[in-house]
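Quick notes on the structure that follows.
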Amino acid sequence: MQVLLPLKEFAAAKQRLAGVLSAPERAQLFEAMVDDVLNALTAHPAIEHVVICSRDRAAVWLARYYEVEFLHENQLHESQLCEQQARWYGNDVQCSGLNAVVNAAARRFAAQGATDLMVVHGDLPLLTESDISTFIERHRAARGAAVTIAPDRRRSGTNLLAWRALPEFTARYGAQSFQRHSAQANALQAELNICDLAGARCDIDEPEDLL
C-alpha cells in the first residue's frame with residue numbers, strides 16, 4: 001500500500017488549541033503526534049511505501065529518521081494542477097492547502113504506477129497497527145473501483161482515506177469532508193467502505209480532544 005502523509009508547517013499546526021497551548025507547545029505536540037503515526041505506519045508489514053509531503057524542515061528530519069520518502073510541496077506544482085481539476089470537475093475542487101497537495105501527489109503517484117493510495121493525517125496519536133490492518137484489509141477486499149474512509153468521532157471529518165482505480169476522485173477535505181468524500185464515491189459508482197476505528201476516530205483539533 002502506498003501511503004501519503006501530508007503535513008502542514010509545524011509552527012502553524014493546531015491553531016484551535018491556541019487557548020490552551022502556546023505556539024511552541026503546539027508545534028511540539030504536532031511533532032510528537034506525527035512521530036506516533038510514523039511509528040505505526042513504518043512498522044506495518046502491509047505498507048510498502050510512505051511519502052511525507054510538507055515544506056517544514058522538521059518533516060525532512062522525520063523522513064530521514066524513519067527512512068521514508070520526503071516530497072517537498074513545491075515539487076508538485078499544486079496550484080496549476082488544481083486549477084485544471086477545477087475546470088474538469090467544477091468549483092467544488094479547492095485550489096489551495098491540503099486538497100491541492102493531496103490531489104497533486106495522487107496524480108504524481110498514479111503516473112508512477114500506483115493503483116491504490118492511502119492518505120493518513122498526522123494528528124492521530126492513538127492509531128494502532130490493528131486499526132491500519134483493518135482499514136487496509138477492508139480496502140483490499142473491495143472489487144474494482146473503491147473508496148475506503150475512516151471518519152473522525154464526530155463523523156464529519158476524514159482521518160483515513162484510500163481509493164483505487166478512480167482517476168476522477170479528488171480529495172475534498174474541509175467542513176463535512178466525510179460526507180463529501182462519501183457522496184463523491186457514490187457518484188462515481190465506486191464501492192464505498194466505512195471503517196469506524198477507535199484509533200482513527202481520535203484526531204486532536206479542539207481543546208476537548210486534547211483533554
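Values in this text are rule-based calculations from the coordinates and carry no lab data. All figures in this text were calculated on a predicted structure; none of them were measured in a lab. When we count neighbours, we look across all protein chains shown, and the Cβ atoms used for this are built from the backbone with ideal geometry, even at glycine.
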What do you get for GluC sites (Glu not before Pro) in segment 37-73 restricted to DSSP loop and a cutoff of at most 12 other Cβ within 10 Å of the site's Cβ? 48, 67
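Anything in the chain that counts as a DSSP H helix reaching 24 Å or more along its axis (C-alpha) with Kyte-Doolittle mean of at least -0.5? List them, would you?
Numbers: long enough: 23-42 (28 Å, 0.20).
Within the chain the helices that satisfy the rule are 23-42.
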Quick check on the chain: of the DSSP beta bridges with both residues there, what percent are antiparallel, nearest 5%? 40 percent
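Name the GluC sites (Glu not before Pro) in segment 96-178 that are in a loop by DSSP and that have at most 13 other C-beta atoms within 10 Å, would you?
Numbers: sites: 129, 137, 168; in loops: 168.
Answer by residue number: 168.
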Two-decimal Rg to Rh for segment 105-191 - Kirkwood Rh, Cα set: 0.94
What relative contact order, as a whole-number percentage, does the chain give when Cα pairs under 8 Å and 6 or more residues apart are counted? 23 percent
Report the Cα centroid-to-centroid distance between segment 44-69 and segment 22-38 in angstrom, as an integer. 15 Å
Name the residues of segment 25-42 whose amide N is less than 18 Å from a point 7 angstrom out from the Cα of residue 67 along the C-beta direction? 38-42
Here the net charge surrounding residue 129, from other residues whose Cβ is less than 14 Å away from its Cβ (Lys, Arg +1; Asp, Glu -1), is -3
